[in-house]
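The values are calculated or read from the model by the stated rules, or taken from the named source; none is laboratory data. Note that this is a predicted model, so its numbers are computed, not measured. Here the Cβ is made from the backbone with ideal geometry for all residues, glycine too, and neighbour counts use every protein chain on show.
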Amino acid sequence: MTVTIKDAEIREHLRERSVATLRRRTYISGVMTALCWLAITFAAVPLVAVIYQLLRRGIPVIVKSGFFTTLPQQPTIFDANNTGGVSNALVGSLAVIVYAALFAVPIGVLMGVYLAESTSKFASLLRIITATMVGAPSILMGLFAFEVVVQQMHVGFSIIAGSFGLAVLVLPVLATATEIAIRNVPSTYREAGLALGAKPSTTSLKIVLPAASTGIVSGIILALSRAVGETAPILLVIGGAYAIAWHPNQAASALPFQMFQDVQSNYPSLQNETWGIALVLVGAVFIISFAARLWAARKKKVQR
Amino acid sequence: MTSNTSTDLRQAAEGHRPSAASRGVYEYVVLSAAGLFAIISLYFVGSIVWQALPAIRHQGLYLLTGTSWVSGGATPALSKFGGLSMITGTIETSLIAIVIAVVVGTGTSLAINLLLPSWMRTIAATTVELLAAIPSVVYGVWGMLVLAPLVISTVGPFLNSLPGGNAVFGTVVAGQSLLLAGFVLAIMVLPTYVAISREVIGAVPHELIEASLSLGATRWQTIWKTILPTGRVGLLGAGALALGRALGETVAVVLVIGQVNQLNFRPLQPGVTLASWIASQWGEAIGSDQMNALFALGALLMAASLGVSFISTRLVSRQRSLVNR
Amino acid sequence: MKMSLRGSLSVAIATAGLAASLIVPASASAAIGSGAKGDLSLVTPAGATVHFGGSSFSKPFVDFLTTGNNVGSYVALNKTATFGTDSGAGSGDGRTGVSAGTYDIGFSDQPMNVLAGTAPTGYTSQTVVNQTFTQVPLALGGAVVAYNLAGITGLKLSANIIGSIYNGKTTKWDDDAILALNPVQKKALMALNNKTITVLYRNSSSGTTFAFTQYLNQATHGLTPGASGSVMEGTGNAWKATTVSAVAGNSGMASTLNSTAGAIGYVEYSYLLVPGNKLSTASLQDANGEWLQPSLTNIAAAATAAAKTISVENFSINFEPGKGVWPLATYSWAIVKTAQTNAANGELAVKFLAYAIVGGQLKASANGYVPLSATAQKSAIASLMLVKSGASVLLTAKK
């Protein structure tokens, strides 16, 4: 009997303890889960806050007549709201990104193909280099572009120097996107091609690349749309110009470049102008990425 | 390459394997693109180091330990270019950014993978991804025009009102500060961290999680004792990747850090980073010995970020092979 | 080259024929736009583009002249001219820019001067500098010490106090030394509750910083700044104050001053004329010890008191003796290469400068600057006429 009592006591004691730990564990778990919720809220707040500011302050700027079509003006004490537009920066940004794409897209895609298809030692080394270069700070591309284009090629501060910096920046991104897109093509495609007696290169060109093209193209678009917003690689080399310029050798302005200049002005009107440019930049990036994804998703569906 | 297609096909049909000698144009084109990139990458590293050499030769260790940044003008012998403030500023802002990003990012990834109903997962994941689509200069403008006034009016006075607040945080000056720079950086690197950590946490085998839960572990215990340890290598890699991003961020930092070349250790004080100093001094440095000194800072930044980037890639791929095993 | 640029700054502007033309009157009575002998043509080659940058001291004036819809601006007259953006990064940027070829015109508050340490890298002889670069004064202006304290205007700040603030010894607005000088504002200063002074300085080589430190140096007999006692133009990290922020350009200075209560800084006079400006200017002591508030009159008096023909070798007009002379005055210079590589751009550069130095001076006062004297204009034009592309002179008088 004493044994049973003891037994019961112990059992009771154990039960109490486990209830206590369970309660504590549940409590901690609840708190931590709440913290996870807090974290995700915290992650969402900046996006909402930035977009709110962009819309609230940016829309009045871009609806101003001539914002897209006129050259920028410097406000003076006689006309403190004389900010003009961003036509030159718009053209400059387009020119910079087009030249950058002409250089980077072919090399990036071909290199991505190589990375996806080759199993050589050089390929695995190149994969490491690529992954490392993706993380290289963008300001260093500015220094590199200065050294190569401005100094060694004697081109001077120009659109093409900015394009070069951006191109080097997006090259590894393009290569990686292409590599992934090709690897996502089911291996049966390639095997079928080879089984039909096609040469590996023919299989790649005629079967694998077309199948991967959606992924490659959307990768290109995403990478380039991000590159349009980059400031650091062009800041050191583009020269800055109030005139509309698209010739590679000309100095030009670009949207992020002009934002960076304007926000440091002492005229609130010019600082305010940056919200409009920001809205254009972010809007363009969002719409293009969204469209690219939508297109890729639809293409995929059709293919299946 | 298409002109030879029929021959190619015939050769392939005959079971002829393309040896190095008979590689098609296609192989050469693809290989040369890859080779070109390798050359560009080497040239990139080489030219920055090359331009940095004169400064390294003249300034020596002072580049790492000095705090003065004075151009001797026409007499370069008088120039003193010390990068200590930029180095410490880079470390400080990156640390602030990484601490915030890791805490918030891990929580976010856990929430996306384990807590949210499935229809909200995509929304949450897209939201975080969109943070990465906003250009750096936009964060800079936002930080400068919206957040800096908040630091002056609210955050700074609050931190200063805490016991010992002035000693720990420093006195709020103009809003632009190490803290603000770290905060803005945290937002900017968050998507990078979340992208990887989400994958890492998502890849933890379901059997493990279910086993933990069936043994009576609470959700948090499962996270703390099972999921995070399983993914720690990958999470470390994600953190390193985010750190690499934070180290080299430029324009946003220029606008929110205060650009003060001082050795400051309190979060509310202004500071300067390697990248932001290069950008802000570039104009007057071109063609002088100061330019070489900026290249030297660039070389330092390159070593740090490429190193961190290399390590992070290794860590992430190790995690992938661990999970796939 | 018989040109007499009389002091009369009669409107030297005309829009005759196809292109607008700048006319520098051969005499005071010359008819405007008559195309009379001695006029300077304003016609520039189509497609010419000039990149300039540097000093933010002269930037508002240059902005005015290169902004199309201002009456009297150069661009309003010569619509074919295009100009690059001017970020106003600082004088050092202007000098390296023109030396490195980034800029066709570099603006700097100190001319390239070997002794003053403002010559570009590699130039150790002033003779070589003078042969390579043509340097002309563009604007005469004053720097002021400004602060942001709502409702408190006209604070008297001695050079000693300012130096002490910048070196971190005086850190609060209700410091005894400040209170002692300002009995009228004492109550308001006390009411600020031990408000910390936020010290602003420039983050790159700045002519305004040069003028400011030179003034402190002269007015405190070498006690400020720092132990070196040298005049500083550079990044200013020798300041010992700890509650600081570094800003880019006079525009950054004006903007940060405006957004930071309790801040003090130094800024070019014309930046105070910007609408919506919330800053107050400190009263400074002239060389006689009298307290002054800045005005175009007493800034102009600095040039008169200097009583010298300024030159590249002798350019400072800071802290000149005399009653009612603003102690912080400086010329801002425009620098071009004497041998231009691109004839079209070079021609636009010198013709723009010729306009700015003569016709443009009519708009100087309204923009917050003091017009250059007739003598200064005359010698500047003569210098610009030496600028060549190959063998041909780019700025000539009409025959």
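Could you check how many residues of the range A:232-278 are part of a loop (DSSP other than H, G, I, E, B) and within 24 Å of A:ALA291 (Cα to Cα)?
1
Does B:VAL138 count as in a helix (DSSP H, G or I), buried (at least 17 other Cβ atoms within 10 Å of the Cβ), at the interface with another protein chain (Cβ under 7 Å from one of its Cβ atoms) and within 25 Å of the chain's Cα centre (by Cα)?
Against the criterion (in a helix (DSSP H, G or I), buried (at least 17 other Cβ atoms within 10 Å of the Cβ), at the interface with another protein chain (Cβ under 7 Å from one of its Cβ atoms) and within 25 Å of the chain's Cα centre (by Cα)), B:VAL138 qualifies.
Please pick out the residue among A:LEU55, A:LEU35 that is in a helix (DSSP H, G or I), among the hydrophobic types (A, V, I, L, M, F, W, C) and modelled with pLDDT of 95 or more.
Checking each option against the conditions leaves just A:LEU55.
Here's a check for you: in the range B:286-307, which residue that is facing another protein chain (nearest Cβ under 7 Å) and either touching a Leu at 6+ places or on another chain (Cβ under 6 Å) or not aliphatic (A, V, I, L, M) (or both) is farthest from B:LEU61 (Cα to Cα)?
B:GLY287
Can you confirm whether the range B:171-181 contains a residue that is of a type in the set (Val, Ile, Thr) and in a helix (DSSP H, G or I)?
no
From B:ARG232, B:ARG266, grab the single residue that is without any contact (Cβ under 8 Å) to a residue 40 or more places away in the chain, away from chain A (no Cβ under 12 Å), surrounded by fewer than 24 Cβ atoms within 10 Å (Cβ to Cβ) and farther than 20 Å from B:SER68 by Cβ.
B:ARG232
If you check A:THR41, A:THR70, A:THR83, which single one turns out to be more than 8 Å from every other protein chain (Cβ to nearest Cβ), of a type in the set (Val, Ile, Thr), touching a strand residue (DSSP E or B) at 6+ places or on another chain (Cβ under 9 Å) and surrounded by fewer than 21 Cβ atoms within 10 Å (Cβ to Cβ)?
A:THR70
Quick check: is even one residue across the range A:237-253 more than 14 Å from chain C (Cβ to nearest Cβ) and in contact with a Gly (Cβ under 9 Å, 6 or more places away or on another chain)?
Within the range A:237-253, none of the residues are more than 14 Å from chain C (Cβ to nearest Cβ) and in contact with a Gly (Cβ under 9 Å, 6 or more places away or on another chain).
Looking only at the range B:147-190, count every residue that is among the polar types (S, T, N, Q) and without any contact (Cβ under 8 Å) to a residue 60 or more places away in the chain and tell me the total.
Of the residues in the range B:147-190, 4 are among the polar types (S, T, N, Q) and without any contact (Cβ under 8 Å) to a residue 60 or more places away in the chain.
Please state which one of A:LEU90, A:LEU71 is of a type outside the set (Ser, Thr, Tyr) and under 23 Å from the mean Cα position of the chain (by Cα).
None of the others qualify; the one that does is A:LEU90.
Each row is one residue, and each column tells you yes or no for (1) in contact (Cβ under 8 Å) with a residue 12 or more places away in the chain; (2) touching an Asp or Glu at 6+ places or on another chain (Cβ under 6 Å); (3) buried (at least 16 other Cβ atoms within 10 Å of the Cβ); (4) not in a loop (DSSP other than H, G, I, E, B).
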{"residue": "C:THR309", "(1), (2), (3), (4)": "yes, no, no, no"}
{"residue": "C:GLY322", "(1), (2), (3), (4)": "yes, no, no, no"}
{"residue": "C:VAL325", "(1), (2), (3), (4)": "yes, yes, yes, no"}
{"residue": "C:TRP333", "(1), (2), (3), (4)": "yes, no, yes, yes"}
{"residue": "C:LEU348", "(1), (2), (3), (4)": "yes, no, yes, yes"}
{"residue": "C:SER383", "(1), (2), (3), (4)": "yes, no, yes, yes"}
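Would you mind stating whether C:ALA177 is small (Gly, Ala, Ser), modelled with pLDDT of 90 or more and either in the same structural domain as C:SER91 (by TED's automatic domain parsing) or farther than 22 Å from C:ILE299 by Cα (or both)?
yes
Of all residues being over 21 Å from C:GLY252 (Cβ atoms) and among the β-branched types (Val, Ile, Thr) in the range B:172-195, which is farthest from the other protein chains (Cβ to nearest Cβ)? Just the residue, please.
This residue is B:VAL189.
Of the numbered conditions (1) more than 8 Å from every other protein chain (Cβ to nearest Cβ); (2) of a type in the set (A, V, I, L, M, F, W, C); (3) over 25 Å from A:SER218 (Cβ atoms); (4) not in a helix (DSSP H, G or I), A:PHE157 satisfies every one except a single condition; which is it?
Of everything listed in (1) more than 8 Å from every other protein chain (Cβ to nearest Cβ); (2) of a type in the set (A, V, I, L, M, F, W, C); (3) over 25 Å from A:SER218 (Cβ atoms); (4) not in a helix (DSSP H, G or I), A:PHE157 misses just condition (1).
Specify the residue that is nearest to the chain's Cα centre (by Cα); the eligible residues are those in the range B:67-115 that are within 10 Å of chain A (Cβ to nearest Cβ), surrounded by 22 or more Cβ atoms within 10 Å (Cβ to Cβ) and without any contact (Cβ under 8 Å) to a residue 40 or more places away in the chain.
Checking each candidate, the answer is B:GLY107.
Taking the range A:90-119 as the region of interest, how many residues are surrounded by fewer than 23 Cβ atoms within 10 Å (Cβ to Cβ), among the hydroxyl-bearing types (Ser, Thr, Tyr) and at the interface with another protein chain (Cβ under 9 Å from one of its Cβ atoms)?
1
Would you point out the residue of the range B:116-135, among those that are of a type in the set (Val, Ile, Thr) and at the interface with another protein chain (Cβ under 10 Å from one of its Cβ atoms), that is farthest from the chain's Cα centre (by Cα)?
Out of the qualifying residues, it is B:ILE123.
Yes/no matrix, rows are residues, columns are (1) among the aromatic types (Phe, Trp, Tyr); (2) assigned to a loop (DSSP other than H, G, I, E, B); (3) closer than 15 Å to A:THR203 by Cβ; (4) modelled with pLDDT of 85 or more:
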{"site": "B:PRO18", "(1), (2), (3), (4)": "no, yes, yes, no"}
{"site": "B:ALA21", "(1), (2), (3), (4)": "no, yes, no, no"}
{"site": "B:SER32", "(1), (2), (3), (4)": "no, no, no, yes"}
{"site": "B:ILE39", "(1), (2), (3), (4)": "no, no, no, yes"}
{"site": "B:SER47", "(1), (2), (3), (4)": "no, no, no, yes"}
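From (1) surrounded by 24 or more Cβ atoms within 10 Å (Cβ to Cβ); (2) within 14 Å of chain A (Cβ to nearest Cβ); (3) hydrophobic (A, V, I, L, M, F, W, C), pick out the condition that doesn't hold for C:ILE299.
Condition not satisfied by C:ILE299: (2).
Can you spot a residue in the range A:206-222 that is among the β-branched types (Val, Ile, Thr) and under 22 Å from A:VAL63 (Cβ atoms)?
no
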